[in-house]
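What follows is calculated from the coordinates using simple rules that are stated; it is not laboratory data. As the structure is a computational prediction, the values presented were derived from the model and not from experiment. Positions of Cβ are backbone-derived with ideal geometry, glycine not excepted, and every protein chain shown enters the neighbour counts.
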Amino acid sequence: MHAEPLIRALEAADLAAYKALRDEMLELHPEAFTSDAPTERARSAAAYLPRLGLDRADGGQFTLGAWHGDTLVGALTCECDKRIKVRHIGHVVGMMVHPQARGRGIGSALLAACIARARSSSGMEMLTLTVTSSNRPAVALYEGAGFRRYGRLEHAIKLGDTYHDKDLMVLHF
């Protein structure tokens, strides 16, 4: 039996752990992310500081992490544009759970915490995300949380000669 993970907002001191997890996930699952592993591997951990939203008083931008002890086993980011006309929309990006931690409800816990925090953010009214269409477990996770598909971007990701579609999903509060 595994202890429940601690879900909390990442801080600047967590960026090295975040980068390590992200680099590994990009390498293991290139079809799941629009970022590519070699480019991201070359970035510094500090380059991810804006994802934490520490400069955002409105609370609309943040990255949550799932921790087992001192080990970061999962993360996701909510991004929100500062522009007045679109700051009511949050975008869930970079959902990742380490393979050794999957099947334990970590993705669900991260997503639930993200939705709760987004709902309490000033002016936030909906969340959007994209998910690789063939990733049935991820699609089911998002649907289970209330997201609905509103479109599909065909050939959204190209890996060599292989294309992967992305489902476009939304959750209104």
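Rounded if a/c is under 1.5, else prolate if a/b beats b/c, else oblate: with a ≥ b ≥ c from the C-alpha gyration tensor eigenvalues square-rooted, which is the stretch 25-173? Don't jump to the answer; show the numbers that get you there.
On the way: a/c = 1.32, a/b = 1.16, b/c = 1.14.
Rounded, because the longest to shortest axis ratio a/c is under 1.5.
When the helices in the chain are scored as -39500 (n - 2.57) per DSSP H run of 4 or longer and the sum is shared across all residues, what 222 nm value do you end up with, to the nearest 500 deg cm²/dmol? Walk me through the intermediate numbers first.
On the way: 4 runs with 43 residues, N = 173.
Roughly -7500 deg cm²/dmol at 222 nm, from the helical runs in the chain.
Taking the Cα-to-Cβ direction at ASP58 and at ARG152 and moving 7 Å from each Cα, how far apart do the two end points lie in nm?
3.3
Can you pull the one-decimal nm distance between simple spin-label points at GLU31 and LEU49, each 7 Å off the Cα toward Cβ?
3.7
Say R0 is 30 Å: what FRET efficiency, to the nearest 0.05, do LEU168 and ASP70 get from their beta-carbon distance?
Between LEU168 and ASP70 the formula returns 0.25.
Toward the positive end of the charge dipole of the chain, about the Cα centre and with charges on Cβ (Lys, Arg +1; Asp, Glu -1), which of GLN100, VAL139, MET169 goes farthest?
Of the candidates, MET169 comes out farthest on the positive side.
For the stretch 6-67 and the stretch 87-141, what is the separation of their Cα centres, given in Å?
14
Taking square-rooted eigenvalues a ≥ b ≥ c of the alpha carbon gyration tensor, is the stretch 75-137 rounded, prolate or oblate, where a/c under 1.5 means rounded and, failing that, a/b exceeding b/c means prolate?
Numbers: a/c = 2.84, a/b = 1.87, b/c = 1.52.
The shape class here is prolate.
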